[in-house]
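Below: the structure, in structure tokens.
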Amino acid sequence: MPVLGNPLNQIGWSDLVSKDLMDKLHNFMAHTYVPLGQVKGRTLLPLPPSDVTSSEKTSSKDKAHILEGKFNDQTGD
């Protein structure tokens, strides 16, 4: 993640490629995190990327919707 997430390593990538790759990486990590918790006998739910939840451009309502969507993705609702 640090290699792909580092903006210096993304120089020359289009915004679309960069966003798509990071979305896929976060999705992969989220789907790996839940089974890891199951193996440990714990409930682990992934959080969305911090750039989404800490952005001042994203409203509180949108942040809540993103968090709710991530939770529902993992529980199958």
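The values are calculated or read from the model by the stated rules, or taken from the named source; none is laboratory data. Because the structure is predicted, anything quoted here is derived from the model rather than measured. Neighbour counts are summed over all protein chains in view; Cβ atoms, including those assigned to glycine, are modelled from backbone coordinates with ideal geometry.
Tabulated data
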{"read-out": "Matching residues in segment 38-52 - criterion: being basic (Lys, Arg) and modelled with pLDDT under 85", "value": "none"}
{"read-out": "Odd one out for Pro35 among (1) at pLDDT 70 or above; (2) part of a helix (DSSP H, G or I); (3) surrounded by 11 or more Cβ atoms within 10 Å (Cβ to Cβ); (4) not charged (D, E, K, R)", "value": "(3)"}
{"read-out": "Residues located in segment 1-12, provided they are under 20 Å from the mean Cα position of the chain (by Cα) and either modelled with pLDDT of 80 or more or in a loop (DSSP other than H, G, I, E, B) (or both)", "value": "Met1, Asn6"}
